[in-house]
Amino acid sequence: MRILGIITGEYGERHLSNVREHAPPGWVVEQWEAPSRFPIVIDYPDEFVPTDLPSADLVLSFPEVSAVAELIPDVVKVTGASAVVAAVDNEAWLPRGLARQLRGWLEKMGVVCVTPKPLCSLTESDYGVARRQRMPYQDPLISEFARYFGQPNLRLTIDPRTKKITGTEVIRDAVCGCARYVAERLIDLPADDAEQEAGLLHHHYPCLASMGIDVDFSDTLMHVSGNVLKDNVAEQLKPFKTVRYFVPDP
């Protein structure tokens, strides 16, 4: 699979670096650093898109400037891509209305576009858009990408005698690499402590999702992202956690 990542700064650089390092054999990952300054009104988006961008099957959009979304249809035309993943880890970088427009523009071009909010809600078949709301999609390229990068899926090995984590396997990493970072640091932790530690490690990585309250979740996207990872870990810890009972005084 040929991938072109669109970035404007550190946020996108870290995502693409992790994809390059852990992509399966045969994936080619290239990047384009888009402009970070635009006029108030973009009359001709194609003027900002180089004509020599490399051919791509899938476009990954990780900019920190909302206007870049308006360039994506022209990026698709130049690269020949048939699918787009446009991350929503900050409402300022891709507002919900613009995300909806982008999906519509690309649909008219016969191109599938997903806008996972947060990015680590992406699976092979759907993605998050709001609290308790997920949007399904069908596209083999995006599904293939989401087999490896998206909603974190860690497999824990826990010793039933000591109730400690003895091994971890990353089935699916977060695009930014956070899940792998957490997995490497859970080994040897007691089951009673691992869920809380996973949440702390997620923040220490650090997660680059927004720390402002998002109206679609009534929470910060950083917190939403952390809960996605903690829930995956917590479910596997349940059989091994100590259950404490409190008996009230008579």
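Could you please rank Asp89, Asp126, Asp46, placing first whichever residue has the fewest other Cβ atoms within 10 Å of its Cβ?
With the fewest neighbours first, Asp89, Asp126, Asp46 line up as Asp46, Asp126, Asp89.
For helix 191-204, report the angle its Cα long axis makes with the longest principal axis of the Cα atoms of the chain; keep it between 0 and 90° and round to the nearest 10°.
Result, in degrees: 30.
Once you list every other residue whose beta carbon is under 13 Å from the beta carbon of Leu229, what net charge do they have if Lys and Arg are +1 and Asp and Glu are -1?
Neighbourhood net charge equals -1.
So what is the 222 nm mean residue ellipticity for the chain from helices alone, if each DSSP H run of at least 4 adds -39500 (n - 2.57) and you divide by all residues, rounding to the nearest 500 deg cm²/dmol?
Only helices count here, giving -10500 deg cm²/dmol.
Full-extension gain between Asp52 and Asn227, please, as 0.36 nm times their residue separation minus the C-alpha to C-alpha distance.
Residue separation times 0.36 nm, minus the Cα-Cα distance, leaves 58.9 nm.
Give Lys117/Lys164; Lys77/Lys117; Lys163/Lys230; Lys164/Lys230; Lys117/Lys238 a once-over and call out the pairs whose C-alpha atoms are over 23 Å from each other.
In this structure, Lys117/Lys164; Lys77/Lys117; Lys117/Lys238 lie more than 23 Å apart at Cα.
Only bridges whose two residues both fall in the chain count here: according to DSSP, what percent of them are antiparallel, nearest 5?
40 percent
Mind checking which aspartates and glutamates have their Cα closer than 19 Å to the Cα of Lys241? Skip sequence neighbours fewer than 8 apart in that chain.
List returned: Asp159, Asp188, Asp192, Asp193, Glu195, Glu197, Asp231.
Which whole-angstrom value gives the distance between the alpha carbon centres of region 8-23 and region 81-155?
17 Å
Picking from Phe240, Leu16, Pro39, whose Cα lies most toward the positive end of the charge dipole for the chain (charges on Cβ: Lys, Arg +1; Asp, Glu -1)?
In the chain, that residue is Phe240.
Taking the Cα centre of the chain as the origin and placing charges on Cβ (Lys, Arg +1; Asp, Glu -1), which of Leu71, Val129, Pro206 is farthest toward the positive end of the dipole?
Val129
Is the shape of region 153-240 rounded, prolate or oblate, going by the alpha carbon gyration tensor and its root eigenvalues a ≥ b ≥ c, with a/c under 1.5 for rounded and a/b larger than b/c for prolate?
The shape class here is prolate.
With +1 on the Cβ of every Lys and Arg and -1 on the Cβ of every Asp and Glu, and nothing else charged, how large is the dipole of the chain about its Cα centre, in debye rounded to the nearest 20?
With Lys and Arg at +1 and Asp and Glu at -1, about 760 debye.
Given an 8 Å cut-off on Cα distances and at least 6 residues of separation, report the relative contact order of region 16-166 as a percent.
Normalised by residue count, the contact order of region 16-166 is 16 percent.
Rule-based calculations on the coordinates, nothing more; no lab input. Just so it is clear, the model here is predicted, and its values are computed rather than measured. Positions of Cβ are generated from backbone atoms using ideal geometry, with glycine treated the same way; all protein chains shown enter the neighbour counts.
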